[in-house]
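Structure, as structure tokens:
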Amino acid sequence: MNDLLVPYEATSDDPFDLRKVGHLVRRAGFGASLRTRRDLVRKGPAAAVAHVVATATPGGDAEAEHLEAVLAFDDLQRVRSHRVWLALQDDRSLQQRLTGFWHGHFATSNRKVEDPRAMALQMATFDRLGAGAFDELLAAVCRDPAMLRWLDNDTNTARHPNENFARELFELFTLGRGNYGEQDIREAARCFTGWHVRDGRFHFQPHLHDTGTKTVFGATAAMGGERVLELVVARPESARFLATKLLRCFVHPEPEPAEVEAVAAAYEANGRRIGAVLAILLRSRLFFSRRAYRSKVKSPADLVLGTVRALGAFAAPTELAAAMASMGESWLEPPSVEGWHGERAWLSPAAWLLRSNFVADLLARRRGKLRPGPAALFAGLDTVRDRCRAATLLLLDGDVPPAALAALERVANAQERAGADPDTAAAALLHATSCLPEYQLS
Amino acid sequence: MMPIDRRSFLQIAGAVPLGFGLRGSGSLVPGGDDRVLLVVELVGGNDGLNTVIPVDDERYAKLRPKLAVVRKGAHALGDGTALHPALHRLAGHVAAGRGAVVHGVGYPRPDRSHFRSRDIWHTADPSHTRVQTGTTGWLGRSADQLSGKTAGFPAAAVGALEVPLALRARRANVPSLRRVEDFQWLQARASEPIVAADPMRAVVAATSPQARDDLRTFVGETGSAAVGLADDLAATLARYRPRAVYPETQLGRDLQLAARLCIAGFGARLLHTGFPGFDTHARQLPAHAGLLAQLDEALDALLQDLVAHGAADRVTVLVHSEFGRRVAENASQGTDHGAAAPVFAWLGSIRGGPHGPVPDLGRLDDGDLIASCDFRSVYADVLRWLELDATSVLGGDFGSAGLVAASVR
């Protein structure tokens, strides 16, 4: 293992402070309140990361009951609201971040599947297996009813084979373009014939399955889909492909070859268990490097959920889901099997306005509410400078360039001159803080 | 009223300091003469055969014993076809020379998947299979030709949650405009927009001069463009007064927003809006009639509004769907995915009335109508009318559908 994944240790030049913790909670979850962030600072890097990693595998049965209730409604809005509610739970942060990751990776849209229950069950599969061994997750996804419907495998038969599933499996889910041949796809499609759905569950139809001999990646046998999956996860390209995607999600949008090699090696060395890889990655120098810090653009979910937590606001999950959808991230309905492209694509001028207006709406109680009002966040802070610093601590971990702080002070001073009441002034200041360029970055 | 140029208007209105929010040279003159294309996409596969009915063809009623009832009250186009009874206002526009119908529009080797066929119409590429990072749409490529020549936003999606593939561009920034209210920059307390003199404005691009990388610069510029967009829209809205009554439907609202953008000179020259619901596999008669009635009312309001504002010559509206439907009705009093279908065009310099041969119900391709017109020739006509390089946008020369009269400028 090269240097990159060596654990980060705090030094006086590179302390473990609110900036580091802010970075950790933004990447490994959907943000956190200032109090939670301060608690994590006090724990120090090892304990803080361990705490966060533990949220990848929350226990408890409350989840199963909640899921039953959601399934009973068979309504996409409710499934989506449930997912948003889960994403706001502190004890599940990394699990939910991972489910978001897998949802983008194995992107399946209800627009074609048209089955909210199946979508809810697919998400639950990610919740359950997303931090485990990739082999297991992949095997489950390939039997997932929503996935089979989405990629037309529910009509893939020996007589009329359909290659869509095999193609996306190789191209988008495991290997990436150029790492397989057309022949591999054709033969793999034959292996997955008969992998169908009945009564909303996976159902293998032996009489529709092609029982002939196939050759996939050089291996020849009368094989079925399971064997294809074994062959594909064993390929080194698979480890690199996943490593690249994990790095894009957790570290930097354009991973370097050395980074990919390091993570791929860690993945193979740890039984291909995603949770184990993340425990190493999130603890590493690479993760806490300047290169990784604020290198990504916040997705709509990052912005919406992160803001709600930072401000200690209350808002209905349905409203938050709608806000995210208006900004281009409609959970359970990704635009295509490629998922969301994200990064700069999230930030058109129109999207910027939506993001800014969302924060304004929260502060103005047009959407959700802050209880108590915004002025309470600045209780006991008498000077404009102190209030501005507090606003930046709340929303930006105190890390803003001097030009930005100066611009905030001008806003706060204008509010004073206009004789604004404390709540109005506080709301304006917080809104201004959220309009700083840095706030769009994760 | 003497047309005033946009800069003067904004100075007078005090809306924005000169130079802020104005990008590039403007052609944002109220009532100015920039040509605009509005594409209205009927999503789901509109049943062309029941929209433009081959009333004189006996085979039609034989293949559609239940669905052929729409012949009664249909509005004759003069070539043996007639518009669905619900389209009475639009029939009036056709009769007045403001509307055209092109029969049998499609592409080779029709794809009957909604996703693929829509993508094909959006990319203008029948060989398209999958959307990838670099995929652009025909309107997006057109926007790229315009960007730099037009201030602000050469194209916009109207009423959509996401910008459709048709508008995906390489360089041009294409917003999606749903409600007028979404595009004001709101304050955190009052519901009023943030005004020009507000120190909030300096915040959006406030980053360190030694910003390490272009990510922060990109974000700052996006923020500034956003604020500029809000200003442009506010100014635009101030200039528009409707001269028609739009129905209180989503389509009505979307078309009215499109009209505002066309008439008040927002600067966008390529607009797209979608009208969903056309996938009528079962019980088609009431559903289809309802949809066409909505289309009739909303589109008529748009056309009237544009005419009343003197904008009829410089706006073309194109109406199409991703495919038509099978000729024979199915067992559920509906129809299944088909192929060729009619395309409609309104205003601009279109040559009114029907175009092309009436679909031949005796010569079908596996139960589907065969296209007699490649959709790209229709696109080419409107692109040339917009004075854009059609060959470059479409990746080839697809001739002409004869839709647009030789333009006199």
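Go through region A:27-74 residue by residue and tally those that are closer than 15 Å to A:LEU278 by Cα, open to solvent by less than 20 Å² (accessible area, probe 1.4 Å) and either among the hydroxyl-bearing types (Ser, Thr, Tyr) or not in a helix (DSSP H, G or I) (or both).
The total comes to 4.
Scan region A:154-177 for residues that are in a loop (DSSP other than H, G, I, E, B) and open to solvent by 10 Å² or more (accessible area, probe 1.4 Å) and report the count.
8
In this structure, does B:ASP111 turn out to be under 20 Å from the mean Cα position of the chain (by Cα), acidic (Asp, Glu) and buried (at least 17 other Cβ atoms within 10 Å of the Cβ)?
It is false that B:ASP111 is under 20 Å from the mean Cα position of the chain (by Cα), acidic (Asp, Glu) and buried (at least 17 other Cβ atoms within 10 Å of the Cβ).
Return the only residue of A:ARG143, A:ARG149 being touching a residue at least 40 places away in the same chain (Cβ under 8 Å), open to solvent by 30 Å² or more (accessible area, probe 1.4 Å), closer than 23 Å to B:PHE115 by Cβ and in contact with a strand residue (DSSP E or B) (Cβ under 8 Å, 6 or more places away or on another chain).
A:ARG149
Could you list all residues from region A:324-351 that are among the small types (Gly, Ala, Ser) and either touching a Leu at 6+ places or on another chain (Cβ under 8 Å) or open to solvent by 20 Å² or more (accessible area, probe 1.4 Å) (or both)?
Across region A:324-351, the qualifying residues are A:ALA325, A:SER326, A:GLY328, A:SER330, A:SER336, A:ALA345, A:SER348, A:ALA350.
Considering region A:4-24 alone, what residues qualify as being under 22 Å from the mean Cα position of the chain (by Cα) and open to solvent by 20 Å² or more (accessible area, probe 1.4 Å)?
Matches in region A:4-24: A:LEU18, A:ARG19, A:LYS20.
Can you tell me which of (1) in contact with a helix residue (DSSP H, G or I) (Cβ under 8 Å, 6 or more places away or on another chain); (2) at positive phi is the one A:GLY178 doesn't meet?
The one condition A:GLY178 does not meet is (1).
Do we find that B:GLY97 is crowded, with 24+ Cβ neighbours inside 10 Å and either in contact with a His (Cβ under 9 Å, 6 or more places away or on another chain) or in contact (Cβ under 8 Å) with a residue 40 or more places away in the chain (or both) in this structure?
Considered against the rule, which asks whether it is crowded, with 24+ Cβ neighbours inside 10 Å and either in contact with a His (Cβ under 9 Å, 6 or more places away or on another chain) or in contact (Cβ under 8 Å) with a residue 40 or more places away in the chain (or both), B:GLY97 comes out as no.
Name the pairs: first residue in region A:339-351 and more than 21 Å from B:PHE153 (Cα to Cα), second residue open to solvent by 30 Å² or more (accessible area, probe 1.4 Å) and at pLDDT below 85, Cβ to Cβ under 7 Å, at least 6 apart or on different chains?
Pairs that qualify, where the first residue is more than 21 Å from B:PHE153 (Cα to Cα) and the partner is open to solvent by 30 Å² or more (accessible area, probe 1.4 Å) and at pLDDT below 85, are A:HIS341/B:THR133.
Of the conditions (1) touching a Leu at 6+ places or on another chain (Cβ under 9 Å); (2) β-branched (Val, Ile, Thr); (3) open to solvent by 50 Å² or more (accessible area, probe 1.4 Å), B:VAL358 satisfies every one except a single condition; which number is it?
The failed condition is (1).
Name the single residue that is nearest to the other protein chains (Cβ to nearest Cβ) among those in region B:114-132 being open to solvent by 40 Å² or more (accessible area, probe 1.4 Å) and in contact (Cβ under 8 Å) with a residue 40 or more places away in the chain.
By that ranking, first place goes to B:HIS114.
Quick one: would you say A:THR220 is among the β-branched types (Val, Ile, Thr) and part of a loop (DSSP other than H, G, I, E, B)?
So A:THR220 fails the test.
Only one of these conditions is not met by B:VAL43: (1) of a type outside the set (D, E, K, R); (2) in contact with a strand residue (DSSP E or B) (Cβ under 8 Å, 6 or more places away or on another chain); (3) more than 17 Å from B:ALA289 (Cα to Cα). Which number is it?
The one condition B:VAL43 does not meet is (3).
I'm trying to understand the selection: among the residues of region A:160-180, which are basic (Lys, Arg) and either within 23 Å of A:ASP199 (Cβ to Cβ) or in contact (Cβ under 8 Å) with a residue 12 or more places away in the chain (or both)?
A:ARG167
For region A:109-133: of the residues being closer than 19 Å to A:ALA28 by Cα and in contact (Cβ under 8 Å) with a residue 24 or more places away in the chain, which is nearest to the other protein chains (Cβ to nearest Cβ)?
Only one residue tops the list, namely A:MET123.
List the residue pairs whose Cβ atoms are under 7 Å apart, where the first residue sits in region B:211-239 and is open to solvent by less than 10 Å² (accessible area, probe 1.4 Å), the second is hydroxyl-bearing (Ser, Thr, Tyr), and the two are 6 or more positions apart or on different chains.
So the pair list comes out as B:GLY220/B:THR207.
Counting only residues that are of a type in the set (Gly, Ala, Ser), give me the helices (runs of 4 or more DSSP H) lying completely in region A:111-153 with at least 2 of them.
In region A:111-153, the matching helices (runs of 4 or more DSSP H) lie at A:116-129, A:134-141.
Among the numbered criteria (1) more than 23 Å from B:TYR60 (Cβ to Cβ); (2) in contact with a Ser or Thr (Cβ under 7 Å, 6 or more places away or on another chain), which single criterion is violated by B:GLY334?
Tallying (1) more than 23 Å from B:TYR60 (Cβ to Cβ); (2) in contact with a Ser or Thr (Cβ under 7 Å, 6 or more places away or on another chain), B:GLY334 fails exactly one: (1).
Being surrounded by 13 or more Cβ atoms within 10 Å (Cβ to Cβ) and among the small types (Gly, Ala, Ser) is the filter here, so list the residues in region A:178-199 that pass it.
Answer for region A:178-199, where residues must be surrounded by 13 or more Cβ atoms within 10 Å (Cβ to Cβ) and among the small types (Gly, Ala, Ser): A:ALA188, A:ALA189, A:GLY194.
What single numbered condition from (1) small (Gly, Ala, Ser); (2) assigned to a loop (DSSP other than H, G, I, E, B); (3) at pLDDT 90 or above fails to hold for A:GLY328?
(3)
With respect to B:GLN294, is the statement that it is modelled with pLDDT under 85, farther than 27 Å from A:LEU354 by Cα and not in a strand (DSSP E or B) true?
No: the conditions fail for B:GLN294.
Going by the structure shown, is B:VAL393 open to solvent by less than 50 Å² (accessible area, probe 1.4 Å), in contact (Cβ under 8 Å) with a residue 24 or more places away in the chain and within 30 Å of B:VAL69 (Cβ to Cβ)?
So B:VAL393 fails the test.
Could you tell me whether any residue of region A:422-432 is free of Cβ contacts under 8 Å to residues at least 40 places away in the same chain and more than 7 Å from chain B (Cβ to nearest Cβ)?
No; the residues of region A:422-432 include none that is free of Cβ contacts under 8 Å to residues at least 40 places away in the same chain and more than 7 Å from chain B (Cβ to nearest Cβ).
Does region B:59-76 contain at least one residue that is farther than 25 Å from B:ARG325 by Cα, at pLDDT 95 or above and either buried (at least 17 other Cβ atoms within 10 Å of the Cβ) or hydroxyl-bearing (Ser, Thr, Tyr) (or both)?
No; the residues of region B:59-76 include none that is farther than 25 Å from B:ARG325 by Cα, at pLDDT 95 or above and either buried (at least 17 other Cβ atoms within 10 Å of the Cβ) or hydroxyl-bearing (Ser, Thr, Tyr) (or both).
Given the conditions (1) modelled with pLDDT of 80 or more; (2) under 20 Å from the mean Cα position of the chain (by Cα); (3) within 8 Å of chain A (Cβ to nearest Cβ), which single one is not true for B:LEU186?
Checking B:LEU186 against (1) modelled with pLDDT of 80 or more; (2) under 20 Å from the mean Cα position of the chain (by Cα); (3) within 8 Å of chain A (Cβ to nearest Cβ), the one that fails is (2).
Looking at B:GLY104, B:GLY137, can you tell me which residue is open to solvent by less than 30 Å² (accessible area, probe 1.4 Å) and over 30 Å from A:PRO334 (Cα atoms)?
Matching residue, one of B:GLY104, B:GLY137: B:GLY104.
Give A:THR318, A:THR307 a once-over and let me know the one that is more than 10 Å from chain B (Cβ to nearest Cβ), in a helix (DSSP H, G or I), open to solvent by 20 Å² or more (accessible area, probe 1.4 Å) and polar (S, T, N, Q).
Criteria check complete, one pass: A:THR318.
The values are calculated or read from the model by the stated rules, or taken from the named source; none is laboratory data. Bear in mind that the values here come from a model prediction, so they are computed numbers and not experimental data. Neighbour counts are summed over all protein chains in view; Cβ atoms, including those assigned to glycine, are modelled from backbone coordinates with ideal geometry. Keep in mind that these areas ignore ligands, DNA and RNA; they rest on the heavy atoms of the full protein, side chains included. Shrake-Rupley method; radii C 1.70, N 1.55, O 1.52, S 1.80 Å.
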